[in-house]
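This report refers to the structure that appears directly beneath it.
Read-outs: derived from the displayed coordinates by stated rules, not from any lab. Here the structure is a predicted model, which means the values were calculated and not measured. When we count neighbours, we look across all protein chains shown, and the Cβ atoms used for this are built from the backbone with ideal geometry, even at glycine.
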């Protein structure tokens with residue numbers, strides 16, 4: 001099992017979620033298995049797309065960009081198609097518009 005983490009601009013988050021849900025690895029329109037997707041607003045250091053994205057954080061003492069962090073648990077075989085969907089949907093035209101990391105999950109225990 002793997003965990004995919006992605007950091008994307010707020011203007012791309014709706015398209016990213018839609019692309020993940022339409023991905024064959026997600027199950028596409030036919031349903032498929034449920035994935036554990038968590039989404040957080042985080043203060044990051046991506047280059048802002050416009051002045052609305054950037055603001056000054058009194059807590060951090062620096063300029064920050066509100067970006068979204070996605071966390072998704074998936075099977076090893078689903079990583080590449082889900083990653084491809086993320087990359088395509090998160091594009092902004094910038095040289096670096098976010099990050100995707102993939103981490104091995106040692107254990108995942110469902111709670112019933």
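With the crude spin-label approximation of a point 7 Å out along Cα→Cβ, what separation in nm comes out for residue 103 versus residue 14?
3.0
Provide the gained length on full extension for the span residue 87 to residue 45, in nm with one decimal, where the gain is 0.36 nm per separating residue minus the Cα-Cα distance.
In short, 13.3 nm is gained.
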